[in-house]
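These notes are about the structure you will find just below.
The values are calculated or read from the model by the stated rules, or taken from the named source; none is laboratory data. The structure displayed is predicted, hence computed values, not measured ones. Note that we place each Cβ from the backbone using ideal geometry, even for glycine, and neighbour counts take in every protein chain shown.
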Amino acid sequence: MNITRRDFNKLLVSGIAGSTLGMFGGTRSAFAAQKRVVVIGGGFGGASAAKYLKKLDPSLSVTLVEPKAAYITCPFSNWVLAGLKTMGEITQTYAVLAARHGVEVIAETAVSIDAAKLTVTLSSGKVLEYDRLVVSPGIDFRWDTIPGYSQKVAETKMPHAYQAGPQTELLTAQLRAMKNGETVLICPPAMPFRCPPGPYERASLIACYLKEQKPKSKIVILDPKDKFSKQALFRKGWERLYPGMIEWRGAAAGGKVQGVDAEAMTVTTELDVVKGAVINIIPPQKAGKIAVDAGLIDTSGWCPINPVSFESTLHPGIHVIGDACVAGPMPKSGFAASSQGKVTAAAIVRLLRGQVPAPPSLVNTCYSLIGPAYGVSVAGVYKLSPEGIVEIPGSGGLTPIDASDDQLNQEAMFARGWYNNIVNDIWG
């Protein structure tokens, strides 16, 4: 039987779910009394955990706390910048989770967690009790790390566009308004950071727009790193599709940002001052606010977890997944968060039954579009080891540097299929 890459993506998503469900031999409840699980955050990690908790044991009371009525995905938000997707096409709702899967969805903000009393207090003052808590808060920003940059500057002058929605719309509007011949500056942070929306795919798709609409313009990437994921693939794609349009300055070439001037629209580096008509500052990141306020982070700004169950090592009974947690070499991606959400759901069901969680198997796949018909990808499979979560040697894959045009076009098609499959698996 011949299996296409798109079919493989479908099997990958459904296979993880199937193996997770298979750990329990079905979904029959083992509880005499209903247990309560609260999930904070309705992104790729939290929504996956909520759905699969109910699939693994329908008798569970599962409450998802998410202030946004609709979730705009960071994956594919870069495509909006190029005009390849609309905001509506990357917007997901929670209607199916509630109606079909029985998850109670509360459109409020979780403002505090009492780990001793096992309660979550919402913005309305309502208090939720839980037996197990899942925290999937995404990221927040370290606003004090770049002189001249602040949340106000991000909201008005220099968007980060790393939380999809109004920031994506602001950056898109700025690109549309800039003049032909002006410069776009993209300033990524040091590792670790959320990806997607990856800054290098972003540069590619902004270049895609500029090539058609403002061909005299250019992009300068000011980077504090001397290497980045899929670097050779990106640079080959840039040279082929956008020759002379994208300039990447790594740390050794003075790419580290030392400050910004929002009024002058300039960025100061170790070597010079660079002016841009559009400046995309992506500041250093940390775990989302509720995780910080609840004392779930360590000195790194991220949340340490038990790699078997994603249970916090600082507060028992609380599981942290997605971008906020420290999960070994797993990237902070939507696919990784969804994989962690399913593993955590399985672990919680076993823990509530008085059983030991099974060793997890975790997967990640990241697609990046360099042009509408030019895609690249990287994949990895992870397992538990005495050192924690590690990548299984030889399990991953990277688009070949000498990939043919047909292969690159297929990768772009697979990216679209991957997105459709994963959002349907989580929110469908």
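Annotations
- Among the candidates A294, A251, residue that is under 30 Å from K117 (Cα atoms), among the hydrophobic types (A, V, I, L, M, F, W, C) and under 26 Å from the mean Cα position of the chain (by Cα): A294
- Selection within the range 360-411 - closer than 23 Å to A203 by Cβ and within 19 Å of the chain's Cα centre (by Cα): N364, T365, C366, Y367, S368, L369, I370, G375, V376, S377, V378, A379
- Residue within the range 309-320 that is crowded, with 24+ Cβ neighbours inside 10 Å, within 28 Å of N421 (Cα to Cα) and within 12 Å of the chain's Cα centre (by Cα) present: no
- Qualifying residue in the range 296-304 (condition: surrounded by 24 or more Cβ atoms within 10 Å (Cβ to Cβ) and touching a strand residue (DSSP E or B) at 6+ places or on another chain (Cβ under 7 Å)): yes
- Within the set N9, N2, the sole residue that is surrounded by 13 or more Cβ atoms within 10 Å (Cβ to Cβ), under 24 Å from A412 (Cα atoms) and at pLDDT below 70 turns out to be N9.
- Number of positions in the range 393-414 that are closer than 22 Å to M330 by Cβ, in contact (Cβ under 8 Å) with a residue 12 or more places away in the chain and part of a loop (DSSP other than H, G, I, E, B): 3
- Count - residues of the range 112-164 that are closer than 24 Å to V349 by Cβ and touching a Cys at 6+ places or on another chain (Cβ under 6 Å): 0
- Number of the exception - S136 against (1) crowded, with 21+ Cβ neighbours inside 10 Å; (2) of a type in the set (S, T, N, Q); (3) not assigned by TED's automatic domain parsing to the domain that holds G295: (3)
- Of all residues assigned to the range 172-183, at least one qualifies as being buried (at least 18 other Cβ atoms within 10 Å of the Cβ), closer than 27 Å to A337 by Cα and within 22 Å of the chain's Cα centre (by Cα).
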